[in-house]
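The values are calculated or read from the model by the stated rules, or taken from the named source; none is laboratory data. Quick caveat: nothing in here was measured; it's all calculated off a predicted structure. Note: ideal-geometry Cβ built from the backbone for every residue, glycine included; neighbour counts use all protein chains shown. Heavy atoms of the whole protein, side chains included, go into the accessibility calculation; ligands, DNA and RNA do not. Shrake-Rupley method; radii C 1.70, N 1.55, O 1.52, S 1.80 Å.
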Amino acid sequence: MICLTLSSKTLAGCCDEIRRNRDYIDIAELRLDLLDEKEALDAKQFPTMTDVPVILTFRRVSDGGKCSLSERARKQILLSALDGDFAYVDIEEDVKKNEVEAKARERGIRIIRSFHDFDGVPEDIYSRIHKLIERGDVAKAAVTPHSIQDVLTLFRIADELKGIPKIIVGMGEWGIPLRILYARAGSLLTFACDGEPIAPGQISARELKLLYRADKVDDRTAIYGIIGNPVLHTSSPAIHNPGFHAINYNAIYLPFLVDNIRHFFTLAEYLRMRGFSVTIPFKKDVLMYLGNITREVKQIGSCNTVIRVPGMWKGMNTDYYGFLHPILKDIESGRISTALVIGAGGASQAIVWALRNRGVKVTILNRTLSRAESLATLNLCEYDTLENARKYEGQVDLIVQTTSVGLYPDFDANPIEGFVFSGKEIVYDIIYKPRMTKLLRVAEAAGCTLHYGEEMLLEQGKLQFELFTGYHYPNDADYSAFA
Ligand code: NAP
């Protein structure tokens, strides 16, 4: 079940939240501690105001909530609310056998017994969940993973507790795989927010339902993902998930924040992942874990796509293809025969290789000259420092911007400030957030032909989809809805 945590201060506001999310959720959680005091006293009528089952929760400050009343006062308000037809009531681990529990039992309201850990994953999590189940109908552990190893531990514990009615929540950004793959972890439900997340790690009900189809995950769902650090800004789930949906493939693609690549490979094997995308800073680090790599990966020296093949992981690179696709015709027709590539980082490696592989004469400009020199030597090109950019005005057919200068939120940064375009150049900025960078704005004003980073992103993703699934990316996949 997808559970919407209601955050309005009034009962009417909570009803509005449910209405906005009605198509995406199965249940809602009414948090008395988030309501205005007077509204909390009327909470018993809330189940009659909505058609979704409701969990009743009154969270104390010590458990991450806002209730600072005495325990006696808190219990009184909970007891009064339990006159309403709630589906569940959440009672914390340390609350002894009490009237709230007795009244819930008498009224047929099921009990969630919960504990919270905002510092980490407690070592005794397994035995604590076991004990909770003796005192409630469902055990809930909300803990805070701080590494990919913690995430693996939580999936393992979830499997060991198979059959026990439970909810395991991974709080914070590390916990995202647990939130999305809650059904794989055997959790009764996952908590979702209304609209934009207000804390790292939260996911909206709409995204869980429409983008990830998290409630459809079962034991046969093929798991794919993207690894990186940072990774949560990625648009790749918006490409792959609609593609899976359009071809009727029982599969899911989600972001994994990673700190240790070896631990991630252990998790990938544990979850029997079929493949994953790789982004900054792991495109080189993955290489030593791959049993097989393609010629492109070998020559470019970086890998952005990993798939499972019998007995091993295989690495491929789709960045070079994604970059080339929008300008291939211009290279083949001879309109592009010379290029200036700005930047000599990871993305530039694939781009320079792609251009050289197609016979384009390339000059690399980079802030750090030694990096430009190494890349130029490897690919038989010219190189220079970024300050000398104006020397190349009017000299090349294609200008490719591959640095991170101009990336969101630096809308007004341009790595070749002052460069004068003739208007005949094709200018390609691989940054995709924002779509229109400062460099592209200047180039457009001069009359140049533009290409955008999102074209590269989409094309590399489409080829990756083909490598993941064996199918062409479907034309009817709606990747724009969540991009
Ligand atoms: P990277 O390996 O970290 O390389 C960063 C590059 O930017 C280096 O050349 C670096 O120069 C340069 N740079 C950074 N700060 C600079 C500054 N203040 N002034 C001048 N140069 C600066 O990163 P990457 O993986 O190549 O990614 C670079 C960009 O490409 C990112 O914005 C990324 O989002 C984008 N990208 C887009 C796609 C796509 O599909 N559209 C795919 C991959 C990457 P030094 O060598 O001097 O440090």
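Could you check the stretch 293-307 and list, in sequence order, the residues that are touching a Gly at 6+ places or on another chain (Cβ under 6 Å) and either assigned to a strand (DSSP E or B) or open to solvent by 20 Å² or more (accessible area, probe 1.4 Å) (or both)?
Selection gives ILE293, VAL306, ILE307.
Does the stretch 264-285 contain any residue that is within 16 Å of the ligand (Cβ to nearest atom), free of Cβ contacts under 8 Å to residues at least 40 places away in the same chain and crowded, with 17+ Cβ neighbours inside 10 Å?
Checked the stretch 264-285: at least one residue is within 16 Å of the ligand (Cβ to nearest atom), free of Cβ contacts under 8 Å to residues at least 40 places away in the same chain and crowded, with 17+ Cβ neighbours inside 10 Å.
Which condition number in (1) under 14 Å from ASN379 (Cβ atoms); (2) within 16 Å of the ligand (Cβ to nearest atom) is the one that GLY359 fails?
All conditions are met except number (2).
How do the pairs read when you match residues in the stretch 334-346 that are in a strand (DSSP E or B) with residues anywhere that are among the aromatic types (Phe, Trp, Tyr) and more than 8 Å from the ligand (Cβ to nearest atom), using Cβ under 8 Å and keeping only pairs 6 or more apart or on different chains?
Hits for this filter: LEU340/TYR392.
Out of curiosity, is ARG135 in a helix (DSSP H, G or I) and surrounded by fewer than 18 Cβ atoms within 10 Å (Cβ to Cβ)?
no
Would you pick out the residues in the stretch 11-48 that are surrounded by 14 or more Cβ atoms within 10 Å (Cβ to Cβ) and aliphatic (A, V, I, L, M)?
LEU11, ILE18, ILE25, ILE27, ALA28, LEU30, LEU32, LEU34, LEU35, ALA40, LEU41, ALA43
Residues being surrounded by fewer than 22 Cβ atoms within 10 Å (Cβ to Cβ) and either in contact (Cβ under 8 Å) with a residue 24 or more places away in the chain or within 16 Å of the ligand (Cβ to nearest atom) (or both): count how many of those fall in the stretch 317-331.
Of the residues in that region, 7 qualify.
Just the residues that are farther than 19 Å from ALA344 by Cβ and not aliphatic (A, V, I, L, M), please, taken from the stretch 299-317.
The answer is THR305, ARG308, PRO310, GLY311, TRP313, LYS314, GLY315.
Condition (residue is in contact (Cβ under 8 Å) with a residue 60 or more places away in the chain, open to solvent by 20 Å² or more (accessible area, probe 1.4 Å) and not aromatic (Phe, Trp, Tyr)) applied to the stretch 85-94: is it met by at least one residue?
Yes, because at least one residue in the stretch 85-94 is in contact (Cβ under 8 Å) with a residue 60 or more places away in the chain, open to solvent by 20 Å² or more (accessible area, probe 1.4 Å) and not aromatic (Phe, Trp, Tyr).
Counting residues that are assigned by TED's automatic domain parsing to the domain that holds LYS209, within 21 Å of VAL169 (Cβ to Cβ) and touching a residue at least 24 places away in the same chain (Cβ under 8 Å), which helices (runs of 4 or more DSSP H) fully inside the stretch 1-57 reach at least 1?
11-21
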